[in-house]
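Peer 1: Okay, here's the structure, questions in a sec.
The values are calculated or read from the model by the stated rules, or taken from the named source; none is laboratory data. Please read all numbers here as calculations on a predicted model, not as lab measurements. When we count neighbours, we look across all protein chains shown, and the Cβ atoms used for this are built from the backbone with ideal geometry, even at glycine.
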Amino acid sequence: MTDLTATSVQRADAVPVRARFPVHIAVFLAPALAIYTLFSIYPLIDTIRLSLYAGDETGARSFVGFQNFQTLLGDPNWSGHFWNALRNNLIFFAIHMVVQNGIGLGLAMLLSLPRLAGGSVYRTLIFLPTMLSVVIIGFIWQLILNPLWGIAPSLLKAVGLGSLFGPWLGQESTALLTVSLISVWQFVGIPMMLIYAALLNIPDDLLDAATVDGAGPFSVFWFVRLPLILPTLGVVSILTFVANFNAFDLIYAIKGALAGPNFSTDILGTFFYRTFFGFQLQVGSPTMGAAVATAMLIIILIGVLIYLFGVQRRLQRHTF
Amino acid sequence: MADVSLQGVAKSFGATEILRDINLAVKDGEFVVFVGPSGCGKSTLLRIIAGLENVSGGEIRIGDKRVNELPPADRKIAMVFQSYALYPHMNVYKNMAFGLKFAKTNKAEVDRRVRQAAEILKLTPLLDRKPRELSGGQRQRVAIGRAIVRNPSVFLFDEPLSNLDAALRVNTRLEIAKLHRDLGATMIYVTHDQVEAMTLASKIVVMNHGRIEQVGAPLELYRHPRNLFVAGFIGSPRMNFIKGQVLRVEGNIATIGFAGTEAPLAVRPASLKPGDAVTVGIRPEHMEEGGDDAASLRGTIDAVEQLGESSYVYMRLASGDDVIVRAPGETDAAPGGSYTAHVPRKALHVFDAEGVSVLAERG
């Protein structure tokens, strides 16, 4: 008994001695922290700082508070473009959510059919465009859809639908939709793969049990598989959101920085590009650009926060 | 309540034959256990009865109806899976009520049945819990409850106890036996555990390599295994097999020589002739320590396992055969020593070169 007491007293003493600064943790964190600070945190903070300044013709900068944001949202020359870009961006996002993630879900369901032959071939082929450069994708689709010598008009004609063809990339009414669908085509492999992995994770027994319980294929999907992949659908949604609101490259590759026709494909990324670097007659303004970038950051942050606190907390990950 | 009958059922995946020519009749209210080593096709057979697998040939009847073409839900069966297969996103109540939703049962009736099943299985306080908040045994009971509420004619169990720890397994085994008595439904149960098979079954179906080796009451299989496989599979530790030879045949009495001793045994007429190679089987628990007569086996002890109430003596005979003897708990046997075990003649089994039992039916 005495021995035991002695040991426990020693242990109690030992605790404060051991609780010194955990050097090893700092050492392990240091490389990542240094890189993130240098390339991510510092530029971010500096961008926010820059958005509070204004430069004159000589290049001298002065602190102006939130005046850049007032200009952005209040000055008709700016706000029209800003709201247009934001609206287009929301449409761009909505199309991705519905079409890209919807088709991705459908493809994942098809891939997970037990009797599907050649599943891995389809998987690879559908995922392939994701690995291609956006510039190449934009170029190829411009060629395909070209009204003069693209193959889309002749293909449609071949199946008797020639009358449906239009210069989709060149019409204000269809350009944004067309660009969005090109992006959907390129990236549909990502939600497909994520959802496919989640579906594979559901044990077969569970689906068998539902079948024995009398659920048909649709009910099995609706009542069993869908609820179990909701967390993955949440992740897919937030990834889509962030990617769409940071998008720039495809529009730039297809339509250039002016995001024509008449800014109908202008999204926040292209709007930021013109503001920051300038384009044709527009003079670039690093400080206004920083304000646009900060606005984008805030928009994405709001979206992510809504997801984190409004959606993800309600989603339960299931272990099987 | 219904009979189940299988006629010429066969199943193959591509060129691989999983089951061939399975014929089996399960009577209403019987508790039938499919037992066999893994890969013998017992689970596939159960899934075929459930309708989760198609057959390549043959006919399945439940009640007086051919069910080959019926989906699982219309076969009046319920199945309990090894992994329990509870829906993780639904609470216990919804798990049990899920099947009734598709049977278009009205709300009040669903509620009545779920609560009744919960009462039987002592799940009432857990109805609002999610499966992950339950212990293994509770999950198992929910899985059984989900089967009960569907009020099936036939219960199908696919190794329902193998994920439980030993103590819980014994408990649940008793509960399932009680459930069978109370409900009186036909139950078909798959296991690789022969203790479960022996204790639960009113009829055991021993399967191997996609075929039925023998069907019978537990004790019948224990006493009269029809072939080497069944003899080796039923009983623990398994039956000792010793190579032997037919020395003489006089009428129905064949004298078998094995391990330096010989025994006259009543065999089926004309099943053996002198010089035939046979396998002699004797269960460890039927041998008796000591004895030093013509009907004794002598050997050196390799190992002794003491279990308290008994001991297992592993000995090697002069003939080279290894034999396990169940000795009394307080045996003096020690590794390296010599050992003698008496072999009662009436406990001997004899199998011919094809592994088929040749013993005449014992009274």
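Peer 1: Checking B:Asp3 against (1) surrounded by 15 or more Cβ atoms within 10 Å (Cβ to Cβ); (2) in contact with a His (Cβ under 7 Å, 6 or more places away or on another chain), which single condition isn't satisfied?
Peer 2: Failing condition for B:Asp3: (2).
Peer 1: Looking at the stretch A:31-57, which of its residues are in contact with a helix residue (DSSP H, G or I) (Cβ under 6 Å, 6 or more places away or on another chain) and either assigned to a loop (DSSP other than H, G, I, E, B) or farther than 11 Å from A:Ala290 by Cβ (or both)?
Peer 2: A:Ser51
Peer 1: Can you spot a residue in the stretch B:48-64 that is modelled with pLDDT of 90 or more and under 19 Å from the mean Cα position of the chain (by Cα)?
Peer 2: yes
Peer 1: For B:Lys346, work out the one condition from (1) in contact (Cβ under 8 Å) with a residue 40 or more places away in the chain; (2) under 23 Å from B:Leu221 (Cα atoms) it doesn't fulfil.
Peer 2: (1)
Peer 1: For a quick check of your reading of the model, give me the residue pairs whose first member lies in the stretch B:286-300 and is basic (Lys, Arg), whose second is surrounded by fewer than 15 Cβ atoms within 10 Å (Cβ to Cβ), with beta-carbon atoms closer than 9 Å and at least 6 apart or on different chains.
Peer 2: If the second residue must be surrounded by fewer than 15 Cβ atoms within 10 Å (Cβ to Cβ), the pairs left are B:Arg298/B:Gly260; B:Arg298/B:Asp292; B:Arg298/B:Ala318; B:Arg298/B:Ser338.
Peer 1: Please determine, by comparing only the residues of the stretch B:161-202 that are at pLDDT 90 or above and within 14 Å of chain A (Cβ to nearest Cβ), which one is nearest to B:Thr44 (Cα to Cα).
Peer 2: For the stretch B:161-202, the residue satisfying everything is B:Val190.
Peer 1: Moving on. Looking only at strands (runs of 3 or more DSSP E) that fall completely inside the stretch B:30-147, which ones have 1 or more residues that are within 13 Å of chain A (Cβ to nearest Cβ) and of a type in the set (A, V, I, L, M, F, W, C)?
Peer 2: Correct list: B:77-80.
Peer 1: Do we find that A:Val242 is aliphatic (A, V, I, L, M) and away from chain B (no Cβ under 11 Å) in this structure?
Peer 2: Yes; evaluated as a whole, the condition is true for this residue.
Peer 1: Still on this model: Please name all residue pairs, on different chains or six or more residues apart, with Cβ atoms under 6 Å, provided the first residue is in the stretch B:5-17 and is outside the structural domain of B:Glu53 (by TED's automatic domain parsing) and basic (Lys, Arg) and the second residue is surrounded by fewer than 16 Cβ atoms within 10 Å (Cβ to Cβ) and in a loop (DSSP other than H, G, I, E, B).
Peer 2: From residues that are outside the structural domain of B:Glu53 (by TED's automatic domain parsing) and basic (Lys, Arg), there are no pairs.
Peer 1: Exactly one condition in (1) away from every other protein chain (no Cβ under 14 Å); (2) surrounded by 15 or more Cβ atoms within 10 Å (Cβ to Cβ); (3) at pLDDT below 90 is false for A:Gly284; which is it?
Peer 2: So the condition that A:Gly284 fails would be (2).
Peer 1: Across the stretch B:294-329, which residue is farthest from B:Ala263 (Cα to Cα) among those that are in a loop (DSSP other than H, G, I, E, B) and touching a Ser or Thr at 6+ places or on another chain (Cβ under 8 Å)?
Peer 2: Once the filter is applied, the top-ranked residue is B:Gly329.
Peer 1: As an exercise: evaluate B:Gly257 against (1) in contact (Cβ under 8 Å) with a residue 24 or more places away in the chain; (2) more than 19 Å from the chain's Cα centre (by Cα) and give the number of the one condition it does not meet.
Peer 2: The failed condition is (1).
Peer 1: Check A:Leu200, A:Leu156, A:Leu233, A:Leu226 and return the single one that is surrounded by fewer than 16 Cβ atoms within 10 Å (Cβ to Cβ) and within 14 Å of chain B (Cβ to nearest Cβ).
Peer 2: Only one candidate passes the filter, namely A:Leu226.
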